[in-house]
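Trainee: Handing you this structure, nothing more for now.
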Amino acid sequence: MTKVTRARPTSPPDGGWGWMIVAGCFLVTICTRAVTRCISIFFVEFQTYFTQDYAQTAWIHSIVDCMTMLCAPLGSVVSNHLSCQVGIMLGGLLASTGLILSSFATSLKHLYLTLGVLTGLGFALSYSPAIAMIGKYFNRRKALAYGIAMSGSGIGTFILAPVVQILIEQFSWRGALLILGGFVLNLCVCGALMRPITLKEYQASQEPNHVCRTRKQDFKRASPCSTWTKKWVQACLCCSLQQEYSFLLMPDFVVLAVSILFMAYGCSPLFVYLVPYALSVGVSHQQAAFLMSILGVIDIVGNVTFGWLTDRRCLKNYRYVCYLFAVGLDGLCYLCLPMLQSLPLLVPFSCTFGYFDGAYVTLIPVVTAELVGTASLSSALGVVYFLHAVPYLVSPPISGWLVDTTGSYTAAFLLCGFSMIFSSVLLGFARLVKKMRKPQLRTLAKESDAKLQLWTNGSVAYSVANELDQKDRESVAIAVPGYNPT
C-alpha cells in the first residue's frame, strides 16, 4: 500500500513554482484576451461577406466578451470544486471547438453561437481560475507577478494582430479562424502547469466542513433516513455559499462593483472600432492593424511597469488610487480620439491608451485581493469579471448604433470616455468619504474595545471593524478573539 501524504498548509512562496504559474497565466491571457482583441480585425471581413451593418456585426465581439465574463463565476466554481487544471483544459477544448466551427459559418447567427457563445464559454473556464492562482502563489510581489502575467494580453495582441491580418490575406477569414482554433488548444498545456497549493489562510475555510459533519450526525439521529440527507446537503450548501460570497456585503466591494460596470462599458468598444475608425480616416489596412499592435505592446509596458511600481514601498499603500488614476486617464484619451484623424496622431493615442489600459487591468485582481483577502479571491474575481459581462455585451452594439445613426464615431467615443471618467470619480469619492468617516469609526472601535466584557461574542466590535481599513482591522483583531481582519 502506498502511503498517501496530505499537503501541509503553507504561506505564498513568492517564487519557485509560482513563476511557472505566472508563465502559464501569461499564455492563458494570450490565448484568451489577445485572441478576443484580434477578433476586431475580422470586423470588416465579416461585414463585407455577410453584408450587415455595424451594429449587427459588432454583436460577435460583444458576445465573446460577454460570455467570457458572464461565465467567470462558473470557472471559479469548477476551479474550487474540481481543480484549476480541469477548468483550464476543458476551457481550451471548448474555445478551440468554437473557433474551428466558426470557420464553417454561413451566417452571422452561426458566428454568434460558435465564435460568440462556445468560444466565450471556453475562455471563461480558463481565464478567471488562472488569474486567481497567482494570488495564491504570491503576496509580497503580487502586483509584479500579475503585471507579467497580464502582459500576455498586450504581447499577444502585438504579435497576433499582424499575423491574423496576413492569415486573412493568405487563407481568407475562414482559414484564419481554423488556424486560431488550433492555436487556442495551447490552453490545455497551460492548465497542466497549474499545480494546486494549500495556504494557511484556507485553514479557516475548513470550519464549514466541520459544521457539515456535525449537522450530518445531528440530522441522522433526529430524522428518518429519507430526510436527513436532504437537510444535511442544504445545510452544507448554505455554509459553503455564505463563506465563499460573504464579501458581497462589504461596502468597499459594492462600490468597486458599481464602478466596474461603468469602466467595462467604456473599455470594450475601442478594441472593436479602432481598426474601422482608422480605415474611415484614410489609414490603410496594414497601418490599422499596426495600431492594434502598438496598443498591444504598450499595454505590456503598462502591465509590467505599473505592477513593479505599485509593489514599491512608497506606492504599495496607494494601489487603489493608482487604479482609479489609470481608469480616469483612459477616459480622457477617449475624449480626444475624435480629433485624431491621421496615422501620426493615432499612434500617440494608441501608446497612451494602451499604457493605462495595461495599468488598470493589472491592478484589478490586486485591488480585489486587498478588499476581500486571498481566501475569497477566486470567488471575488469570478464576480468581478461577471460584472464585465453586460457592459461588454451592450457597449459595442450601442456604439455601432450611434455610428450608424450619426454617421460619425464622435458620439460613441465620447460616451465611452465619460463612462470611464465617472467610474474613476465614483471610486475617488467613495475613498474620500471613507477617510472623512475614519476618525469617527476609530472612536467607536475604542469604545467597543472598552466594553468588550459586556459583549462576549464581540458582535459590536465586528460591525465596527468591518468599516475600517486593513490596518485598523488588525488592531481590532488583537482585542477581539476570533475576528479575522481579512
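The values are calculated or read from the model by the stated rules, or taken from the named source; none is laboratory data. Only a predicted model underlies this, so the values are computations on that prediction, with no experimental measurement involved. In this analysis, Cβ positions are derived from the backbone assuming ideal geometry, glycine residues included, and neighbour counts consider all displayed protein chains. Accessible surface areas use protein heavy atoms only, side chains included; no ligands, DNA or RNA. Shrake-Rupley method; radii C 1.70, N 1.55, O 1.52, S 1.80 Å.
Trainee: Using a 1.4 Å probe, what is the accessible area per residue for the stretch 25-77, in Å²?
Mentor: Each residue of the stretch 25-77 exposes 29 Å² on average to a 1.4 Å probe.
Trainee: OK, next. Would you calculate the separation in nanometres between label points at residue 19 and residue 315, each defined as 7 Å from the Cα along the Cα-to-beta-carbon direction?
Mentor: 2.3 nm
Trainee: Using +1 at the C-beta of Lys and Arg and -1 at the C-beta of Asp and Glu, which of 305, 358, 291 has the Cα lying farthest in the positive direction of the dipole of the stretch 281-364?
Mentor: Result: 305.
Trainee: Another question, if that's okay. What whole-number distance in Å separates the alpha-carbon centres of the stretch 362-403 and the stretch 73-146?
Mentor: When both Cα centres are located, 15 Å separates them.
Trainee: Now, a different point. Got a number for the accessible area of residue 413? Probe 1.4 Å, square angstrom, nearest 10.
Mentor: 0 Å²
Trainee: Cβ under 14 Å from residue 184's Cβ, residue 184 left aside: what net charge do those residues give with Lys, Arg +1 and Asp, Glu -1? Kindly include the intermediate steps, with their values, before the conclusion.
Mentor: Details: positive: 33, 37; negative: none.
After counting each charged neighbour, the total is +2.
Trainee: Give me the percent of the accessible area of the stretch 346-431 that comes from carbon and sulfur atoms, probe 1.4 Å, all protein chains in place.
Mentor: Carbon with sulfur: 78 percent of the solvent-accessible area.
Trainee: Of the heavy-atom accessible surface of the stretch 88-155 (probe 1.4 angstrom), what whole percent is carbon and sulfur?
Mentor: Ligands and nucleic acids excluded, carbon and sulfur reach 73 percent.
Trainee: Can I ask one more? Of all accessible surface on the stretch 264-320 at a 1.4 Å probe, what whole percent is carbon and sulfur?
Mentor: That share works out to 65 percent.
Trainee: Let me cross-check residue 37: its accessible surface, 1.4 Å probe, with only protein heavy atoms counted, in Å² to the nearest 10?
Mentor: 30 Å²
Trainee: Which of 315, 384, 371 sits closest to the plus end of the dipole of the stretch 282-410, meaning its Cα is farthest towards the positive end, when Lys and Arg get +1 and Asp and Glu get -1 on the C-beta?
Mentor: Of the candidates, 315 comes out farthest on the positive side.
Trainee: Quick one: if the Förster radius is 22 Å, what FRET efficiency do residue 104 and residue 166 give, using the C-beta to C-beta distance and rounding to 0.05?
Mentor: The computed FRET efficiency comes out at 0.50.
Trainee: Oh, and also: Tell me, what is the 1.4 Å probe accessible area of residue 17, in Å² to the nearest 10?
Mentor: About 90 Å², rounded to the nearest 10.
Trainee: Can you find, among 120, 110, 165, the residue farthest towards the positive end of the dipole of the stretch 51-187? Put +1 on the C-beta of Lys and Arg, -1 on that of Asp and Glu.
Mentor: Going by the charge dipole, the pick is 120.
Trainee: Can you work out ³J(HN,Hα) from phi for every residue in the stretch 25-40, in order, using Karplus 6.51 cos²θ - 1.76 cosθ + 1.60 and θ = phi - 60°, giving whole Hz and x for Gly and Pro?
Mentor: Computed from phi, the couplings for the stretch 25-40 are 5, 4, 5, 4, 5, 5, 6, 10, 6, 5, 5, 4, 4, 6, 4, 5 Hz.
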